[in-house]
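Data first, discussion second: the structure below is written as structure tokens.
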Amino acid sequence: MEPVLDLAGIGFGPSNLALAIAVEEHARPVRARFFERQARFGWHRGMLLEDATMQVSFLKDLVTLRNPTSAFSFLCYLRDRGRLIDFVNHKNLFPLRKEFHDYFEWAAERVGHHVSYGAEVSAVRADGDGFEFSARGETVRARNLVLATGLEANLPEGVEAGERIWHNKDLLTEVDRLKDPRQVVVVGAGQSAAEAVAFFHDRFPEVEVHGVFARYGYSPADDSSFANRIFDPAAVDDFYGAPEEVKQRLMGYHANTNYGVVDGELIEELYRRVYREKVVGRQRLLLHNTSRLTDVNADGKCVIESLADGGRVPVDADVIVYATGYRPADPVRLLGDLAGHCERDERGRLRVTRDYRVVTDDSVRGGIYLQGGTEHTHGITSSLLSNTAVRVGEILESVVRRVRQAEPELQVVK
């Protein structure tokens, strides 16, 4: 019989992976387990394009901003892989996305004893000072829950994914099914959309690639030094304590640091391709600005409609890729009836304390913590890597404080 868990992490992406590492490094023993429905660790595998780089410095890895001496840092990973000197000589703050994913897998393997894969969590209920739930046929009890269930792929209303309609998250898992495509449509104006356009243009030398977006052109991300302060740990305190009106202004002012924007070098590369094709007289990269996709059929037939003059271009696409981002899922939805005990503000958003704990009524005595779904309270870094290392440290310290105040231990029932 194992003692009750101090914390149970639901979901095991980068956020709860960072929390597992913090547990491993904590001075006080913390009884923790993490439950992931996937069979193994994976993070946006469908977009691990060969040349795609991170948009965040390697120093904002899983641990460094919390513990610069950690053996789980990206630099320690590089040393272990035999590439530390090569990376230093590369003089680059932004690793390949594939390399950073390999770093995540390396770290996940080292804390694998904390994780149950292939474990879907269900039947969560309050139980004394904590919670009880089922996972892979086991009944688990924990004093605190940390929810890191990620975001949901966003598709326009009325559009359903299928054989010829994909969300960009499935790009690499689906692309091998394409045999000599003639026309491809990519919808969206952000980084993933631009990457998908470049990917199809490179991979299929004969394909005609249509990029469709409502803007006049791809907009560059603001990664200037002062603007990047919105990702600083101190910015979370500023945002959390600000009036609602100020919160809205800050999100509006700095949306172009993260949302719907593209790396400047990629913008320039795509422009070079368009111009080069105009010069040689064979244009197969077609960017439709101020446009939208309409009349979309499951067989790939669609119409690109100009928002400016109403002009319509019919396309018979082999595949339509929607790089239309993600939408926040209700992070407490998996709690079932227990979600009704979580307090919400006048806009229906969860009330969350500074330590990322959901405010609940008195019938819930355990702590429910969120990694993601707190943008309205904690700002733009709610679901981003930039503040992950610091955030998990704050959550863990809060959990440890609560455990110290708890009543005698419960038991995990096998």
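When only alpha carbons are used to place a centre, the range 160-209 and the range 110-153 end up 36 Å from one another. Each listed q (0.11, 0.13, 0.19, 0.21 Å⁻¹) maps to a log10 I(q)/I(0) for the range 1-119, found by the Debye formula over equal Cα scatterers with no solvent: -0.39, -0.54, -1.06, -1.24.
Looking at the range 120-221 alone, DSSP beta bridges between its own residues are antiparallel in about 65 percent of cases.
Using a simple spin-label model with pseudo-atoms 7 Å out from Cα toward Cβ, Ala71 and Asp299 lie 6.1 nm apart.
Qualifying GluC sites (Glu not before Pro) in the range 160-197, where qualification requires a DSSP coil assignment and no more than 12 other C-beta atoms within 10 Å, comprise Glu160, Glu163.
Just the protein heavy atoms count here, and of the accessible area of the chain at 1.4 Å, carbon and sulfur take up 49 percent. Extension gain for Ala161-Arg182 works out to 5.5 nm (0.36 nm per residue, less the C-alpha to C-alpha distance). Classify the range 129-191: rounded, prolate or oblate, from the alpha-carbon gyration tensor (a ≥ b ≥ c, eigenvalue square roots; a/c under 1.5 rounded; otherwise prolate if a/b is larger than b/c)? In terms of gyration-tensor shape, prolate.
If R0 equals 22 Å, the separation of the Cβ atoms of Tyr271 and Ala308 corresponds to a calculated FRET efficiency of about 0.65. With the whole protein complex present, Trp43 retains an accessible surface near 50 Å², based on a 1.4 Å probe.
The fraction of Cα-Cα pairs per 5 angstrom bin, counted from 0 for the range 301-368, comes to 3, 12, 15, 15, 9, 5, 5, 7, 10, 11, 5, 2 percent, rounded to whole percents.
Given +1 at the Cβ of Lys and Arg, -1 at the Cβ of Asp and Glu and no other charges, the dipole of the range 233-379 around its Cα centre is 420 debye to the nearest 20. Checked against a 28 Å cut-off, the cross-linked pairs Lys60/Lys98; Lys169/Lys301; Lys60/Lys247; Lys98/Lys278 give Cα-Cα distances beyond that limit for Lys98/Lys278. Shown in residue order for the range 168-184 are the 3J(HN,Hα) couplings computed by the Karplus curve 6.51 cos²θ - 1.76 cosθ + 1.60 at θ = phi - 60°: 4, 4, 9, 3, 6, 7, 10, 5, 5, 6, 6, 10, 6, x, 9, 9, 10 Hz (x for Gly and Pro). With N as its number of residues, the chain has a Cα radius of gyration that, divided by 2.2 N^0.38 Å, comes to 1.06.
A 1.4 Å probe run over the chain, with the rest of the protein chains in place, finds 48 Å² accessible per residue.
When the surface is traced with a 1.4 Å probe over the full set of protein chains, Asp202 keeps roughly 90 Å² accessible.
Counting every alpha-carbon pair across the range 277-414, the share separated by more than 24 Å comes to 57%. Each of Val332, Gly367, Gly348 was scored by the projection of its Cα onto the charge dipole of the range 318-391, and the greatest displacement toward the positive side belongs to Gly367; charges sit on the C-beta of Lys, Arg, Asp and Glu.
Protection proxy ranking, highest mean first, for peptides 19-32, 376-389: 376-389, 19-32, where packing is the per-residue count of other beta-carbon atoms within 10 Å, averaged.
Using θ = phi - 60° in the Karplus curve 6.51 cos²θ - 1.76 cosθ + 1.60, the 3J(HN,Hα) couplings for the range 275-287 round to 5, 4, 5, 5, 5, 7, x, 9, 9, 10, 10, 10, 9 Hz; x is entered for Gly and Pro. From the Cα gyration tensor of the range 80-215, with a ≥ b ≥ c the square roots of its eigenvalues, which class applies: rounded if a/c is under 1.5, or else prolate if a/b is larger than b/c, or else oblate? Oblate.
Taking only DSSP H segments of four or more residues, each worth -39500 (n - 2.57), what value at 222 nm results for the chain once the sum is divided by all its residues, to the nearest 500 deg cm²/dmol?
When only DSSP H runs of four or more count, the value is -8500 deg cm²/dmol.
Want the number for Glu245 to Arg344: 0.36 nm per residue separation, take away the alpha-carbon distance, what's left?
In short, 33.8 nm is gained.
Rounded to the nearest Hz, the phi-derived 3J(HN,Hα) couplings of the range 87-97 under the Karplus curve 6.51 cos²θ - 1.76 cosθ + 1.60 (θ = phi - 60°) are 5, 4, 5, 5, 6, 9, 7, 10, x, 4, 4, where x marks glycine and proline.
These residues, Ser306, Ser398, Ser224, go from largest to smallest accessible area, 1.4 Å probe, as Ser224, Ser306, Ser398. Put one equal scatterer on each alpha carbon of the range 1-55, apply the Debye formula with no solvent term, and list log10 I(q)/I(0) at q = 0.21, 0.22 1/Å to two decimals. The Cα Debye sum returns log10 ratios of -0.86, -0.91.
Multiplying each eigenvalue of the alpha-carbon gyration tensor of the range 172-217 by 5 and taking the square root yields semi-axes of 20, 11, 8 Å, largest first, rounded to whole angstroms.
Where does each of Glu305, Glu397 land when they are ordered by accessible area, with a 1.4 Å probe and the largest first?
Glu397, Glu305
Relative to the longest principal axis of the Cα atoms of the chain, the long axis of helix 191-203 makes an angle of roughly 50 degrees.
Of the two radii for the range 49-103, the radius of gyration is 0.94 times the Kirkwood radius, both from the alpha carbons; that is the Rg over Rh value.
Remark on Leu62: its backbone amide H falls under 5 Å from those of Phe74, a criterion applied only to residues 5 or more positions apart or on other chains, H modelled at 1.01 Å from N. Counted over the chain, the DSSP beta bridges are approximately 45% antiparallel.
The values are calculated or read from the model by the stated rules, or taken from the named source; none is laboratory data. As the structure is a computational prediction, the values presented were derived from the model and not from experiment. In this analysis, Cβ positions are derived from the backbone assuming ideal geometry, glycine residues included, and neighbour counts consider all displayed protein chains. Accessible surface is based on the protein model in full, side chains and every heavy atom, while ligands, DNA and RNA are left aside. Shrake-Rupley method; radii C 1.70, N 1.55, O 1.52, S 1.80 Å.
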